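Peer 1: Once you've had a glance at the structure underneath, I'll fire off some questions.
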Amino acid sequence: MRLKVSRKAHFNAGHRLYRKDWSDEKNREVFGKCSNPNYHGHNYDLTVSVIGEVDPETGFVIDLKILKDLIVREVEEHFDHKNLNIEVPEFKSLNPTVENIAVVIYNRLKPFLEQYELEIKLYETPRNFVTYNGA
Ligand code: NI
């Protein structure tokens, strides 16, 4: 039996979307309010899903306590209450769009979940979200 098991998490973070090689005007045109030079915050809602076989001995696909602790360590402690552009090394030269944040989260978690398929669903607002599964 192959199942998908999911754990929800949450973090708040600030960012600015912009390209250094573009003028302020072009950044405003492309990124709108998200290019505000003084940064702004979002409440990010995250769902991490792992897909795998049920272990007949435990009945688990994954011990959710292990998944919870992994998300706290690799995602929440890394992103929560941070300015993504300034304080998170992955975004030193990568625009912190919701797409890129989802990919960074995937890449941080995947080494610890090699035996599973992994799917990251990240909401930047209640209506805007992306899904990434490494493909
Ligand atoms: Ni924004």
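The values are calculated or read from the model by the stated rules, or taken from the named source; none is laboratory data. Since the structure is predicted, the reported quantities are computational estimates derived from the model, not experimental observations. Using ideal geometry, Cβ is built from the backbone for each residue, glycine included, and neighbour counts are taken over all protein chains shown. Remember, those area values only see protein heavy atoms, side chains included, never the ligands or the DNA or RNA. Shrake-Rupley method; radii C 1.70, N 1.55, O 1.52, S 1.80 Å.
Peer 1: Please work out which residue is farthest from ALA9 (Cα to Cα), limiting yourself to the stretch 96-115 and to residues that are assigned to a loop (DSSP other than H, G, I, E, B) and touching a residue at least 24 places away in the same chain (Cβ under 8 Å).
Peer 2: Here the answer is GLN115.
Peer 1: Does at least one position in the stretch 116-126 carry a residue that is within 16 Å of the ligand (Cβ to nearest atom) and either open to solvent by 80 Å² or more (accessible area, probe 1.4 Å) or assigned to a helix (DSSP H, G or I) (or both)?
Peer 2: Yes, the stretch 116-126 has at least one match.
Peer 1: Just give me the residues in the stretch 1-47 being of a type in the set (A, V, I, L, M, F, W, C), within 14 Å of the ligand (Cβ to nearest atom) and surrounded by fewer than 17 Cβ atoms within 10 Å (Cβ to Cβ), in sequence order.
Peer 2: VAL30
Peer 1: Quick one: how many residues across the stretch 11-23 are without any contact (Cβ under 8 Å) to a residue 40 or more places away in the chain and either in a strand (DSSP E or B) or hydroxyl-bearing (Ser, Thr, Tyr) (or both)?
Peer 2: 1
Peer 1: Next question, about the same structure. Starting from residues that are in a strand (DSSP E or B) and of a type outside the set (Ser, Thr, Tyr), keep the ones in the stretch 48-58 and report whichever is nearest to the ligand (Cβ to nearest atom).
Peer 2: Only one residue tops the list, namely VAL48.
Peer 1: Please go through the stretch 85-115 and pick out each residue that is within 16 Å of HIS42 (Cα to Cα), under 10 Å from the mean Cα position of the chain (by Cα) and open to solvent by 60 Å² or more (accessible area, probe 1.4 Å).
Peer 2: Within the stretch 85-115, just GLU99 meets the criteria.
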